[in-house]
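The values are calculated or read from the model by the stated rules, or taken from the named source; none is laboratory data. Because the structure is a prediction, the values reported are computed rather than measured. Cβ: placed from backbone, ideal geometry, glycine included. Neighbour counts: every protein chain shown. Side chains included, ligands, DNA and RNA excluded: accessible areas come from the protein's heavy atoms. Shrake-Rupley method; radii C 1.70, N 1.55, O 1.52, S 1.80 Å.
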Amino acid sequence: MIHYIYADQLENFPVLADSMFKDRAYQFKDRHNWDVTVNENGHEIDQYDAMNPLYVIWQNEDGTHGGSIRIMPTVGQIMTNDYFSHLTDGVKISSPVIWECTRFCLAPGAGPNVAAALLAAGLELGIRFGLDQAIGVIYTRTHAIYRRIGWVPEIIGTDGDDREAISIGVWDISTEARDELCRKSGISADDMAYWFDASFNANFNDESLAAA
Amino acid sequence: MPQDILEDLLERLQITKSIEELQVWTHELRDYFDVAHVVYHTVNREGEHVGAFTYGLEWARRYVEKEYVKIDPVVIGAARRFTPMDWKSLDWSNPKARAFAKDAAKAGIGNQGWSVPIFGPNGEFALFALNDNASDDEWNEFTQSRGKDILVVSHLVHQQAMRIINEETVGSPLDLSPREKDALTQLSLGQSRAAVANELNISENTLRAYIDSARHKLGAANVTHAVALATARGIIGRQKEFPKY
């Protein structure tokens, strides 16, 4: 299932958080050899994790991390503007209706359905809160995942020309895209809406469960 | 919704020179959104609360007197959050919070609300909210159909409040990059977005991200408005005024 969790709420999900940061270490450090920091707990954590971002996380049935993305508003400090403005023609992307998506990570063995569910959940978030677009820091190799699930970002700019290249991409937020990704992930739009409410509604209790 | 009315409204926002004028302006915004109340709240460099709102002064005084800021779920729920909040999704279970809600209702505060927490570029924090009397379904329909406008407007109100608080001259926008100026210039010449994207050799979605960033930095309601403001401030040329003979 999907959870939307702010960094300062992660302590309520110790198993999920621990496995997410370990999966990030495996994906970004071990597999792709990015210049990232892995701490003594085996967690890949950067400066943006300390700014209380929002994580969209797929939780496996055993409670561990299946995949995740990290969301931050572009009106604040973001990775794209701090490190990649040479890929956006020098334009500092900053708008309340554009949010940034980084650290797209899949646990080893997670299928394309998990990737589709995560991105559908990201779209659900954007639709509910009135957003227009998402920008993201994309590893060129993960581009294949987007292609497989049929939601390919438009590339704004790319650093490097080999398989290690990094791009900034932009997606449109639309209900059509969400519905299509829900279909690809095998998750109903109702479940997606339900998980959103379960995360953002403090009064979402057994009563609402019974009603759903 | 008529965008030109919003444009006019935001033009008038940009000429407000004091928090008192901003307060008067929030009444116009309230009428535009056709809701019961609009409220904007931040803290200045001296740590003093600064607000512009349509609530009665009596309620504002009572709020301060009773120190409701310490128990108001709308304020507490916004701490360290950047996602907008539907008031009914907040935690009202605390008896003090419930008593506060009752007191607010007596003062004419509506039963529904939608807040936007705002973190500014200089680490400042503000809250913008719309409040109304409506059923859950009506409110849901309203926030879903107007969510984007509310986000855009809330940040423009914050930008203006910051200009007033910091005594900056009105209309000094964040710097636009040459690329944003190029995009606005091409649009000012009446070119379609597709043509501009083609000219700049970028995709249409990329162009959208660029011009919406420029729009936000200029404090404009929409792209047309952004072009007009950039022209008026001399950020882009006035090509249109020179007839081509």
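With all protein chains kept in place, the per residue accessible area of segment B:3-165 amounts to 48 square angstrom at a probe of 1.4 angstrom. Distance between the 7 Å Cα→Cβ label points at B:GLU167 and A:ASN39: 4.3 nm.
Within chain A, helices built from complete DSSP H runs that reach 20 Å or longer along their own axis (Cα positions) and carry a mean Kyte-Doolittle hydropathy of -1.0 or higher are A:112-129. Within the protein assembly as shown, the proportion of C-alpha pairs whose separation exceeds 40 Å stands at 21%.
Over chain A, what is the relative contact order in percent, taking alpha-carbon pairs closer than 8 angstrom and at least six residues apart?
19 percent
Here's the picture: a label point sits 7 Å out from the Cα of A:MET51 along the beta-carbon direction, and within segment A:80-117 the residues with their amide nitrogen under 17 Å of it are A:80-88, A:91-104.
Ligands, DNA and RNA excluded, the heavy atoms of A:PHE196 present near 10 Å² of accessible surface to a 1.4 Å solvent probe.
Only protein heavy atoms count here; under a 1.4 Å probe, B:SER135 has an accessible surface of about 50 Å².
For segment B:51-96, a drop of 40 Å² or more in accessible area on going from the chain alone to the assembled protein chains (1.4 Å probe) is found at B:ARG80, B:ARG81, B:PHE82, B:THR83, B:PRO84, B:SER89. With both labels modelled 7 Å from their Cα along Cα-to-Cβ, the B:ASN122 to A:HIS86 distance reads 3.1 nm.
Axis angle, to the nearest 10 degrees, between helix B:223-232 and the longest C-alpha principal axis of chain B: 70 degrees. Rolling a 1.4 Å probe over the protein heavy atoms of the protein assembly as shown, with every protein chain left in place, gives an accessible area that is 50 percent carbon and sulfur. Which of the lysines could a cross-linker span from B:LYS148 if the Cα-Cα distance has to be under 22 Å and same-chain partners fewer than 8 positions apart are dropped? The reachable lysines, counting only those whose Cα sits under 22 Å from B:LYS148, are A:LYS92, B:LYS88, B:LYS217.
Largest first, the residues B:VAL24, A:VAL38, B:VAL157 sort by 1.4 Å accessible area into B:VAL24, A:VAL38, B:VAL157.
The mean accessible area for residues of chain A, using a 1.4 Å probe and ignoring ligands and nucleic acids, is 41 Å² per residue.
Rank these by accessible area, largest first, 1.4 Å probe: A:ILE166, A:ILE57, B:ILE15. Walk me through the numbers on the way to the answer.
On the way: A:ILE166 35, A:ILE57 0, B:ILE15 105 Å².
Descending accessible area places them as B:ILE15, A:ILE166, A:ILE57.
Using a cutoff of 8 angstrom between alpha carbon atoms and counting only pairs six or more residues apart, the relative contact order for segment B:178-241 works out to 37 percent. Exposure check, 1.4 Å probe, all protein chains in place: A:THR175 carries approximately 60 Å² of accessible surface. Could you work out the relative contact order of segment B:54-113? I mean the mean sequence separation of Cα pairs under 8 Å and 6+ apart, divided by the number of residues, in percent. Contact order relative to length: 37 percent. Based on Cα atoms of segment B:3-165, Rg over Rh with Rh as the Kirkwood radius reads 0.93.
Just checking the listed ones, A:ALA115, A:ALA198, A:ALA50: in the Gaussian network model of chain A with Cα springs under 10 Å, the one fluctuating most is A:ALA50.
Write down, largest first, the equivalent ellipsoid semi-axes of segment B:178-241 in whole Å, where each equals the square root of 5 times an eigenvalue of the alpha-carbon gyration tensor. The answer is 17, 14, 9 Å, longest axis first. Remark: accessible area buried at the A-B interface is about 3100 Å², both chains counted, probe radius 1.4 Å. Compute accessible area for segment B:143-157 by itself and then with all protein chains, 1.4 Å probe, and report residues whose area falls by 30 Å² or more. In segment B:143-157, residues shielded by partner chains: B:GLN144, B:LYS148, B:LEU151, B:HIS155. Positive end of the dipole of the protein assembly as shown (Cβ unit charges, origin at the Cα centre): among B:PRO117, A:PHE129, B:LEU200, the Cα lying farthest that way belongs to B:LEU200. Along segment A:144-159 the Karplus relation, 6.51 cos²θ - 1.76 cosθ + 1.60 evaluated at θ = phi - 60°, assigns HN-Hα couplings of 4, 5, 4, 5, 4, 8, x, 10, 8, x, 7, 7, 7, x, 10, 9 Hz to successive residues, with x for each Gly and Pro.
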